[in-house]
Structures are given as C-alpha cells and as structure tokens.
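A.B. asks: Quick one: structure below, then a few questions.
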Amino acid sequence: METSSITSRFRQTVSLPRFLSGFRRGLVRDAPFLLLAVAFVMAAVVSARVLGYPADLDLSVSWSVMATWTGLYAVPAFLALLVHGKVVNGYSIFEASTWRRVGFHFADPGRLLGLVLVVGVLPFFTAAFVAFKGSIPDVSPFVWDVRFMEWDRLVHFGAHPWELLQPVLGYPVVTNAIDFTYYLWFPVVWLTMIWQAWHGDRNSDSRMQYLLTFALSWILLGTVAATWLSSAGPVYFASVTGEPDPFLPLMDYLRAVNGDHKLQAIWAQDILWQSYADPSRPAIEGISAMPSMHVAMGVLMALLGFRIRPWVGWCYTIFAVLILLGSVHLAWHYAIDGYVAAAGTLLIWRACGRFSRWWRTAVCEPGLAN
C-alpha cells in the first residue's frame with residue numbers, strides 16, 4: 001500500500017498539468033533572483049558593446065564548473081537523504097520503499113526545476129562577473145593600496161595584521177593547511193549553492209534570501225565596490241605602488257615554503273600577475289582585493305547555516321574565520337578587505353530577508369492560492 005502511494009504521488013507530480021503548475025510556481029518564487037542575474041548579464045553585454053567594458057564573456061569555464069559540481073553533489077546528496085531517512089525516520093535502507101521514497105524526494109520535479117532555473121543562469125552570471133573583474137584595472141587603476149595598507153595598520157594598533165598572525169601561523173605545516181583550506185572555498189561555495197538550488201526548501205524565506213544575497217554580493221561588493229575601491233592586495237603592493245614593501249618578509253616566507261611544499265596561492269598569484277602584465281596571453285584574469293569575496297561568501301554561508309541548524313552555522317563560521325585568516329596570511333588581502341566584505345554581506349542579507357518575506361506573503365502565497 002505504501003509503495004503504491006509513493007508511486008501514485010510520483011505519477012501525479014510528473015503529470016503535465018502538475019508539471020506546468022509547478023513550473024509556474026517555481027518561476028514566481030525564483031523570479032527575483034533570475035531577474036537580478038539576467039539584468040547583471042545584460043549590463044555586461046551592453047557595457048561591452050557601448051564602453052568596451054568588460055571585454056569578453058567566456059562561458060566555457062562557467063558551464064564546465066556548474067556541470068562538474070552538480071554531478072559531484074548528486075551522489076553524496078542522495079546518500080545523505082538515505083542516512084537521514086534511516087537515522088531520523090527509522091527507515092530501513094534494505095527496503096525498496098525507502099529507496100523509492102528517497103528517490104521521490106531527490107528527483108522531485110519541483111526540486112529539479114529549482115536546480116535547472118538557478119544553475120542554468122549561473123554560468124552566464126559567473127561569466128559576466130569574471131569579465132567585469134578582469135576589466136577593473138583598465139577602468140579604475142589600482143590607487144587605493146597605500147591607503148588600505150595604512151588603514152589596516154591603524155585598525156590593528158600600528159602593526160600589520162600579517163605580523164600579528166605570523167607567530168601563530170608562520171610554520172610550513174600550518175601554512176600548507178591554510179592554503180589547502182583557502183582553496184576548498186571553491187567547492188564549498190558551489191556545492192552550497194547547488195544544495196540550496198536543488199534541495200533547499202523552495203517555500204522558505206531562507207532559500208530566496210540566500211540566492212538574492214549571493215547575487216547582490218557579487219554585483220554590489222564584487223563588481224561595483226571592487227571597481228570603485230580598486231586595489232591589488234599585499235602580494236602586488238610594491239609592483240602597483242612603487243613604495244617600500246612592508247609585505248616583503250611575508251612574501252619571502254611564503255616563497256620559501258613554496259620551494260619545499262607547493263602552495264596554490266603562489267601559483268595563482270604568479271599566473272594572475274602574468275595575465276595582468278601581458279593581457280594578450282590571459283590565463284586567469286582578475287586582480288581585485290577590496291572587498292574580499294572569499295570572506296563575503298564565507299559569511300553568507302554561515303548566515304544560512306544558522307538558519308538551518310546551529311551546528312551547521314558554527315561549521316560554516318569556522319570555515320569563514322579560516323578563510324579570513326588565510327586571506328591575510330597568504331598575502332591576498334588586507335584584513336580590512338575581509339571586514340568590509342563581512343559588514344557588506346550582513347547588510348545585504350538583512351535587506352534581502354525583508355524582501356524575501358514580503359515576496360512570499362505578497363506574491364507567492366496569493367499566487368499559490370489561485
């Protein structure tokens with residue numbers, strides 16, 4: 001009886017009328033995020049045509065990234081649903097009904113629709129951001145680094161933040177662990193995004209709040225603020241300012257560690273500078289320090305985590321703190337880059353929370369009632 005009920009519910013869900021109804025509801029729920037993403041992409045296209053900025057929108061990498069992380073998410077997500085059914089609900093993983101129940105939840109057409117809508121637009125959104133970021137030095141030269149260095153030292157009572165961290169973090173084994181954690185940021189960010197797009201509660205305010213904050217953070221902080229406050233960061237301080245380099249001892253230490261244990265940070269920093277110095281042969285483009293989008297996304301995931309479970313929030317918070325420490329220790333950012341990013345993300349999160357609640361009560365719920 002239970003198996004028949006599950007099968008019947010699945011057939012009803014995938015029927016054409018139910019699918020079209022679910023498609024309409026999904027479009028309404030995700031419309032703010034989708035419109036925001038499309039507007040950003042169109043702004044990039046129009047700017048490229050009118051101003052020559054950004055120069056190019058390359059979708060090849062974005063599509064491969066989305067496809068890769070969606071595929072990598074799928075298997076552990078299905079297994080996690082099985083474990084949840086066993087631990088929380090007491091289902092037996094050896095019964096066919098459990099697999100049907102989990103499969104129904106995993107591949108529910110409404111959830112798949114959320115994945116398709118969000119992940120479908122992300123490659124275009126990402127390509128627009130990368131194009132804008134790569135063009136920042138052409139539009140707004142690096143003129144803030146000296147001031148940010150001075151403000152960083154002022155905020156930290158006359159010492160450079162890296163100097164305060166070096167007695168604790170300045171050991172090769174610690175530096176390598178931080179370097180590894182810093183580059184875990186990429187899979188963690190994208191897997192979290194796919195999780196929310198696919199299996200986040202489509203009726204919750206948290207999912208919409210997360211999606212909107214994600215998009216607005218990259219637009220307002222990663223593009224608008226980054227262009228206005230154009231800076232290269234500690235690793236390139238001497239090269240872009242011509243001033244005495246207060247970060248030289250840190251870079252000497254990092255390169256010494258890199259000589260024995262290859263650091264992803266040193267490899268990426270060298271490639272970025274080569275692309276900046278010779279635009280005709282770009283490999284990885286986009287030098288921009290203020291504000292730190294690594295920290296911004298870490299804070300955003302922590303905010304989401306606390307909405308779900310306290311322990312999830314604390315795990316993301318620890319990750320965000322490690323990212324902030326890594327951004328300074330690996331010479332990517334001034335500490336204030338992270339502070340500004342965290343404050344900006346929190347403000348955007350709160351604004352998007354108010355909008356999400358209004359959108360649900362004023363638009364989604366009345367629409368679902370009709």
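No value in this document is a laboratory result; all are computed from the given coordinates. Model, not experiment: these values are computed from the prediction. For neighbour counting, all protein chains shown are included, and Cβ atoms are generated from backbone atoms with ideal geometry for every residue, glycine included.
A.B. asks: Over all alpha-carbon pairs in the range 195-268, figure out the percentage whose distance exceeds 18 Å.
C.D. replies: 64 percent
A.B. asks: Ranking request for peptides 295-307, 116-128: highest mean number of other beta-carbon atoms within 10 Å first, then the rest in descending order.
C.D. replies: Values: 295-307: 23.8, 116-128: 20.5.
Going by the mean number of other Cβ atoms within 10 Å, highest first, we get 295-307, 116-128.
A.B. asks: What ranking do PHE186, PHE319 get, fewest neighbouring Cβ atoms within 10 angstrom at the top?
C.D. replies: Values: PHE186 13, PHE319 19.
Ascending Cβ contact count within 10 Å gives the list PHE186, PHE319.
A.B. asks: Starting from a Cα-only point model with no solvent, please compute log10 I(q)/I(0) by Debye for the range 160-288 at q = 0.13, 0.18, 0.19 1/Å.
C.D. replies: -0.77, -1.18, -1.23
A.B. asks: I need the Debye-formula profile for the range 231-370: one equal scatterer per C-alpha, no solvent, reported as log10 I(q)/I(0) at q = 0.13, 0.16 1/Å, two decimals.
C.D. replies: Debye output, listed in q order: -0.71, -0.92.
A.B. asks: Right, next: Cβ neighbours within 10 Å, averaged per peptide: list 212-218, 66-72, 191-197 in order, most packed at the top.
C.D. replies: Working: 212-218: 24.4, 66-72: 15.1, 191-197: 21.6.
Order by mean packing, descending: 212-218, 191-197, 66-72.
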